[in-house]
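Everything on this sheet refers to the single structure shown next.
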Amino acid sequence: MWTSSHPDGEKRASGSSVSVRRNATDLLARSVCRARAMVSFVHPTSDSSSDELGSSPSSSSHANEVFGIPKCSTASDPPLFPACPELSVQACFSGATILITGATGFVGSVVLEQILRVCPTVKRIYVLIRDKKGQSGNDRIDFLLHKRPLFHMHWKDGRVPIDVRNKIVVVSGDLHKPQLGLSQADRESLIEEVNFVIHSAASISFFEHIHTLLEQNYEATKKVSELALQIKNLRGFVHVSTAYVNSNLPRGSHIEERIYPLYRKDGRRVEHSKLALQLAALPPPKAEATAQKLLKEVKLPNSYTLTKHMCEELLADLHCREFPVAILRPSIIGAIARSPVPGYFGNAAGLTSATLAFATGMARFTCHDPHNIYDIIPCDLVGSGVLMSAVALAQAGMDPNNVLVVHSATSCSHPADYYNLMRHVVHPYWAADPPEHRLSNKPYKSLDHPTAVLPEDSLAFKAMRIKHGIRFKLMAAGLRMAGHKKVADMIKSSWKVWKLYNTKTMDFHLFFCCRNTMELQSLVTPKEAIDMKMVWEAPDDDWEAYIHTHMEAIRSKYFPKNAQAKAQQGMVEKALPGKKTVEGLADAAATNAPTGPLKGGSLVSSTGAKQSSGLFGLTKKQAPAAVVEPTAAATVHLTPAVRVN
């Protein structure tokens, strides 16, 4: 049943429910303002020490002075769900059947794990997977379930139990093929059984040709939506987009959770269907040239954001007229912050690439304004946002005229900037223990160094890029000759991403409104609130501990020689005295692992004692242990899931 959130057409519940929801909305608006005030960063010219950051009574005005946070234009709007007292994942998905695309990707796999953990009574989860490199879809999902530590909370004797595995049904298909490459039998099963569609499959590459991105993003979404049109009992369709579909808006913009149309210079609106047909009909060189011209006209940075914007427009046209749609827009997706594995990352994109570029000596200079917003969101919060968006569609009733858009971002709840992350966390971490493979043996540059920040059009910047490009090619060739192909490929990928990222067009300073996100968070049942956290906010969430944990995981995966020594001689001795090996740690963790709740990235003892406050308002050098992947058994105990109050 649909209800309108428009003031003129609202369908209100009883008086008591309305009062409760209005009070919740007032609290929500105050929460947004309060979260903005609890910014843990200060300008580098400030005299405040790291232990004092965020403690000043004037932190609210100082945060606005540093970041220029604009006023939320939707704070006084009526609630989205006036008649809904609470939302429950378990109640929504119990006995339901879900279809997930992109289940082997980072976001999709996190969503899959969360469903199994939070709602074990789900009836069935169909995962659309194509065969790849000689592996069948079942082989790929089994590798994910049994070999990746992401699913360790479900393991018994190192494997996912058969009753859990049987809930996951692999559907062999391909998003690039007509009708998704589905067999007739599989197609009929999906049409008859599915209740929710979660579409997280996409190409996240900035380098692909426009034809490739159109096929992998826009056309794939169109095919999934065409299947959804035939599903008989579809209760919700959730599409994973990106917050940067609106990166064409002016710097400093406060971007609301709604669809922003694209307009050409002459005022004509860009129509997604006509544009897709036009570009598909052109030969590849002409299509790419046309796309690049359009990007300049609408001021989007790349074809990836263009095709994702087209997907949003496509689904907005289908919303309610055909089926209920929610769009989840994450910003830069980072590693998992809490459960099931702190520090786990599924790919080398986003913050992982930026950190690798710095660790290997590539990111020694930037043209970005270092005090701009660097909007990172932990992937477990993204997964919660996906599931809660689906729950809202099914349980709350939606505005039939407007698609539900939910931002999964931190710029309006607990903002961070590139300068402080690099200066106070990333730089000290790698400087203290550099990885074995680096482009240069020179000390890492702090962003305070005179040549660390250079204008993109300066001769110095161009010369540095050429110089580092030569070093990169020589180093990658040497590593391959020495048999280190994995490291060489990692460095190549990081260099490509860093070159593209280190441009002014990718220097964003945007504020993604999180009003809808916070309202959804406020409606989660108390029992599920721990597992369904969606909003990153002070004082419970600590940037320093989070980034430190992510870097420990990066070291474990890409620089294992350094990581093993650090894990065995450092973390093990401190956490579990007397256990000097990974095997010893695995044996002892079940009885000796800390059991206190993780508050803001620091373990609180049973007596309530807590270490002194660190840079971001919480403890120094104390973060949840990052994942180390020598064996499946060791991983389970090395990374006990710690919940947050």
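The values are calculated or read from the model by the stated rules, or taken from the named source; none is laboratory data. Bear in mind the structure is a predicted one, so any value in this text is a computation, not a measurement. Heads up, the Cβs are rebuilt from the backbone with ideal geometry, glycines too, and the neighbour counts pull from every protein chain shown.
Give G236, G181 a once-over and let me know the one that is touching a Phe, Trp or Tyr at 6+ places or on another chain (Cβ under 6 Å) and crowded, with 16+ Cβ neighbours inside 10 Å. Please lay out each step first, then the result.
Values: G181 fails: touching a Phe, Trp or Tyr at 6+ places or on another chain (Cβ under 6 Å).
One residue alone meets the criteria, G236.
Farther than 25 Å from A553 by Cβ and touching a strand residue (DSSP E or B) at 6+ places or on another chain (Cβ under 8 Å), is that true of I162? Write out each step before concluding.
Working: farther than 25 Å from A553 by Cβ: yes; touching a strand residue (DSSP E or B) at 6+ places or on another chain (Cβ under 8 Å): no.
Taking the combined requirement at face value, the residue does not satisfy it.
Looking at (1) surrounded by fewer than 18 Cβ atoms within 10 Å (Cβ to Cβ); (2) in contact (Cβ under 8 Å) with a residue 40 or more places away in the chain, can you tell me which one Q278 breaks?
Unmet condition: (2).
Mind telling me which of the residues S58, S88 ends up being small (G, A, S) and modelled with pLDDT of 90 or more?
On the way: S58 fails: modelled with pLDDT of 90 or more.
On inspection, the qualifying residue turns out to be S88.
Report, by residue number, each residue of segment 420-463 that is loosely packed, with under 13 Cβ neighbours inside 10 Å and hydroxyl-bearing (S, T, Y).
Those that are loosely packed, with under 13 Cβ neighbours inside 10 Å and hydroxyl-bearing (S, T, Y): T451, S458.
Hey, can you tell me all the residues within segment 368-388 that are assigned to a helix (DSSP H, G or I) and within 21 Å of A538 (Cβ to Cβ)?
Within segment 368-388, C379, D380, L381, V382, S384, G385 qualify.
Output yes when any residue across segment 344-364 is touching a strand residue (DSSP E or B) at 6+ places or on another chain (Cβ under 6 Å), assigned to a loop (DSSP other than H, G, I, E, B) and surrounded by fewer than 24 Cβ atoms within 10 Å (Cβ to Cβ), and no when none is.
If we filter segment 344-364 for residues that are touching a strand residue (DSSP E or B) at 6+ places or on another chain (Cβ under 6 Å), which is where we start, we get 350-351.
With assigned to a loop (DSSP other than H, G, I, E, B) added as a condition, the list becomes 350.
Right, trim to surrounded by fewer than 24 Cβ atoms within 10 Å (Cβ to Cβ) and you get 350.
Yes, because at least one residue in segment 344-364 is touching a strand residue (DSSP E or B) at 6+ places or on another chain (Cβ under 6 Å), assigned to a loop (DSSP other than H, G, I, E, B) and surrounded by fewer than 24 Cβ atoms within 10 Å (Cβ to Cβ).
Does D448 meet the test of being outside any helix (DSSP H, G or I) and among the charged types (D, E, K, R)?
Details: outside any helix (DSSP H, G or I): yes; among the charged types (D, E, K, R): yes.
Yes; evaluated as a whole, the condition is true for this residue.
Can you tell me how many residues in segment 168-206 are basic (K, R), modelled with pLDDT of 95 or more and closer than 16 Å to T221 by Cβ?
If we filter segment 168-206 for residues that are basic (K, R), which is where we start, we get 177, 187.
This time we only want the ones that are modelled with pLDDT of 95 or more, so: 187.
Keeping just the survivors that are closer than 16 Å to T221 by Cβ gives none.
Adding up the residues that qualify gives 0.
Got a sec? Which of A553, A545, A529 is without any contact (Cβ under 8 Å) to a residue 12 or more places away in the chain and under 20 Å from the mean Cα position of the chain (by Cα)?
Details: A553 fails: without any contact (Cβ under 8 Å) to a residue 12 or more places away in the chain; A545 fails: without any contact (Cβ under 8 Å) to a residue 12 or more places away in the chain.
The match here is A529.
Please give the number of the condition I466 fails out of (1) in contact with a helix residue (DSSP H, G or I) (Cβ under 9 Å, 6 or more places away or on another chain); (2) within 25 Å of F207 (Cα to Cα); (3) surrounded by fewer than 16 Cβ atoms within 10 Å (Cβ to Cβ).
(1)
Consider S247 against the criteria (1) closer than 30 Å to S189 by Cα; (2) in contact (Cβ under 8 Å) with a residue 60 or more places away in the chain: it satisfies all of them except one. Which criterion is unmet?
(1)
Name the single residue that is modelled with the lowest pLDDT among those in segment 468-484 being farther than 9 Å from L439 by Cβ and among the basic types (K, R).
Restricting to residues being farther than 9 Å from L439 by Cβ and among the basic types (K, R), the top hit is K473.
Write out, first by first residue and then by second, each pair whose Cβ atoms fall under 8 Å of each other, whose residues are 6+ apart or on separate chains, and whose first residue, in segment 499-513, is closer than 20 Å to L356 by Cβ while the second is small (G, A, S) and outside any helix (DSSP H, G or I).
The qualifying pairs are N502/A363.
How about segment 300-343: which of its residues are small (G, A, S) and part of a helix (DSSP H, G or I)?
Initially, segment 300-343 is screened for residues small (G, A, S), giving 303, 316, 326, 331, 334-335, 337, 339, 343.
Listed by number, the residues that qualify are S303, A316.
Every residue in segment 163-185 that is touching a Gly at 6+ places or on another chain (Cβ under 7 Å) and under 19 Å from V122 (Cβ atoms), please. Lay out the reasoning, then the answer.
First pass over segment 163-185, keeping only residues touching a Gly at 6+ places or on another chain (Cβ under 7 Å): 170, 172-174, 180-182.
Selection gives V170 alone.
With segment 137-235 as the region, which helices (runs of 4 or more DSSP H) entirely inside it contain at least 2 residues that are under 28 Å from C119 (Cα atoms) and touching a residue at least 60 places away in the same chain (Cβ under 8 Å)? It would help to see each step written out before you state the result.
On the way: elements: 137-147, 162-165, 184-193, 210-213, 220-230.
Helices (runs of 4 or more DSSP H) meeting the threshold: 137-147, 184-193, 220-230.
For residues that are surrounded by fewer than 17 Cβ atoms within 10 Å (Cβ to Cβ), touching a residue at least 40 places away in the same chain (Cβ under 8 Å) and within 15 Å of V403 (Cα to Cα), scanning just segment 250-264, find the one that is farthest from the chain's Cα centre (by Cα). Lay out the reasoning, then the answer.
Restricting attention to segment 250-264, the residues satisfying the condition of being surrounded by fewer than 17 Cβ atoms within 10 Å (Cβ to Cβ) are 250-252, 258, 260-261, 263-264.
Cutting the leftovers down to touching a residue at least 40 places away in the same chain (Cβ under 8 Å) gives us 251-252, 258, 261.
Narrowing further to those that are within 15 Å of V403 (Cα to Cα): 258, 261.
On the way: R258: 19, P261: 24 Å.
The extreme case among them is P261.
Looking at segment 127-136, which of the residues that are surrounded by fewer than 21 Cβ atoms within 10 Å (Cβ to Cβ) and in a strand (DSSP E or B) is farthest from the chain's Cα centre (by Cα)?
Just the residues of segment 127-136 that are surrounded by fewer than 21 Cβ atoms within 10 Å (Cβ to Cβ), to begin with: 130-136.
If we keep only those that are in a strand (DSSP E or B) as well, we get 132, 135.
Details: K132: 25, Q135: 27 Å.
Among residues in segment 127-136 that are surrounded by fewer than 21 Cβ atoms within 10 Å (Cβ to Cβ) and in a strand (DSSP E or B), the one farthest from the chain's Cα centre (by Cα) is Q135.
Right, S411: of a type in the set (S, T, N, Q), assigned to a loop (DSSP other than H, G, I, E, B), in contact with a Leu (Cβ under 8 Å, 6 or more places away or on another chain) and at pLDDT below 95 or not? Before you say what the answer is, go through the steps one by one.
Numbers: of a type in the set (S, T, N, Q): yes; assigned to a loop (DSSP other than H, G, I, E, B): yes; in contact with a Leu (Cβ under 8 Å, 6 or more places away or on another chain): yes; at pLDDT below 95: yes.
So S411 fits the description; yes.
Evaluate segment 449-459: report whether one residue or more is closer than 21 Å to F206 by Cβ and in contact with a Lys or Arg (Cβ under 8 Å, 6 or more places away or on another chain).
yes
Hey, does segment 427-437 have a residue that's in a helix (DSSP H, G or I) and touching a His at 6+ places or on another chain (Cβ under 7 Å)? Can you show your working first?
First pass over segment 427-437, keeping only residues in a helix (DSSP H, G or I): 427-432.
Narrowing further to those that are touching a His at 6+ places or on another chain (Cβ under 7 Å): 429.
There is at least one residue in segment 427-437 that is in a helix (DSSP H, G or I) and touching a His at 6+ places or on another chain (Cβ under 7 Å).
If I go through segment 145-168 residue by residue, how many of them are surrounded by fewer than 19 Cβ atoms within 10 Å (Cβ to Cβ) and either closer than 29 Å to L213 by Cα or aromatic (F, W, Y) (or both)?
The qualifying residues number 1.
Does F472 satisfy the condition of being part of a helix (DSSP H, G or I), surrounded by fewer than 19 Cβ atoms within 10 Å (Cβ to Cβ), in contact (Cβ under 8 Å) with a residue 60 or more places away in the chain and among the aromatic types (F, W, Y)?
On the way: part of a helix (DSSP H, G or I): yes; surrounded by fewer than 19 Cβ atoms within 10 Å (Cβ to Cβ): no; in contact (Cβ under 8 Å) with a residue 60 or more places away in the chain: yes; among the aromatic types (F, W, Y): yes.
When the stated conditions are applied, F472 does not pass them.
Being under 20 Å from I530 (Cβ atoms) and within 22 Å of the chain's Cα centre (by Cα) is the filter here, so list the residues in segment 86-114 that pass it. Even if it seems obvious, please write down each step before you answer.
Step one: list which residues in segment 86-114 are under 20 Å from I530 (Cβ atoms), which gives 86-94, 110-114.
V89, V110, V111, L112, E113, Q114 - these are the residues of segment 86-114 that are under 20 Å from I530 (Cβ atoms) and within 22 Å of the chain's Cα centre (by Cα).
Exactly one of (1) of a type in the set (A, V, I, L, M); (2) closer than 30 Å to L116 by Cα; (3) surrounded by 19 or more Cβ atoms within 10 Å (Cβ to Cβ) is unmet by L306. Its number?
(2)
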